[in-house]
Amino acid sequence: MTTDDRAPAPRPERQVVEAAVDGDRAAVAELLEFLRPLVLRYCRGRLGTHSSGTAAEDCAQDVLLAVLVELPRYRYEPESFLPFVFGIASHKVIDEFRRRARNRADPHADPADENKPGPDEYARTDSRLEIEQLLDHLPPAQRELLTLRVVLGYTAEETATALGLPSAAAVRVSQHRALTKLRRLLQGGPLPKQED
């Protein structure tokens, strides 16, 4: 079974989005409850685990707060609400990466800790770093698309909705281009021209 065989991700109900934008507290609470697992999944997929393991949760909370602040100013179609949310999430993830780059004094585990990572965990970390380095060669839009499709397992339809792309076919074309570029990087060949 491919990932595209799954049912598409749920969307918030149009009436809930409209009521939340109009300031209905119950609708806002319902909308945030609906968004929290989606946003947390996205942040965990992009950020992984970091030191205390709460970076993704903190980032997801920042996203939801930003959505709450921007909600009264939201003037687009309710069907476009998820791309709006994921756009905020993308920016908050970038902010978290910048914060990490500035703060090199992250706490380390106590050397006496018995829960030290084993060789398998080190190998997974090395693989993850290699993948992140490869993805850094892609434009942000392709990197985001591959994260949603490959890391988080979104369907092409879910990815199109999250990124505001016109169709699942557009997602597949962009994914093909990104994977072709990564394949050429791995093989040491010439890179394709930047198309996205």
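Data for the structure
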| read-out | value |
| --- | --- |
| Count of the stretch 48-67 residues which are at pLDDT below 85 and open to solvent by 70 Å² or more (accessible area, probe 1.4 Å) | 3 |
| Output for the stretch 139-171, where each listed residue is more than 19 Å from His91 (Cα to Cα) and open to solvent by 50 Å² or more (accessible area, probe 1.4 Å) | Val150, Glu157, Pro166, Ala169 |
| Helices (runs of 4 or more DSSP H) wholly inside the stretch 107-187 containing at least 3 residues that are at pLDDT below 80 and closer than 23 Å to Phe86 by Cα | 119-135 |
| Index of the failed condition, Gly23 passing every other in (1) over 23 Å from Tyr154 (Cα atoms); (2) surrounded by 12 or more Cβ atoms within 10 Å (Cβ to Cβ) | (2) |
| Residue match in the stretch 68-87 (condition: within 10 Å of the chain's Cα centre (by Cα) and either of a type in the set (Gly, Ala, Ser) or crowded, with 19+ Cβ neighbours inside 10 Å (or both)) | yes |
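The values are calculated or read from the model by the stated rules, or taken from the named source; none is laboratory data. These figures come from a predicted structure and were not determined experimentally. Positions of Cβ are generated from backbone atoms using ideal geometry, with glycine treated the same way; all protein chains shown enter the neighbour counts. All accessible areas refer to the heavy atoms of the entire protein, side chains included, with ligands and DNA or RNA removed. Shrake-Rupley method; radii C 1.70, N 1.55, O 1.52, S 1.80 Å.
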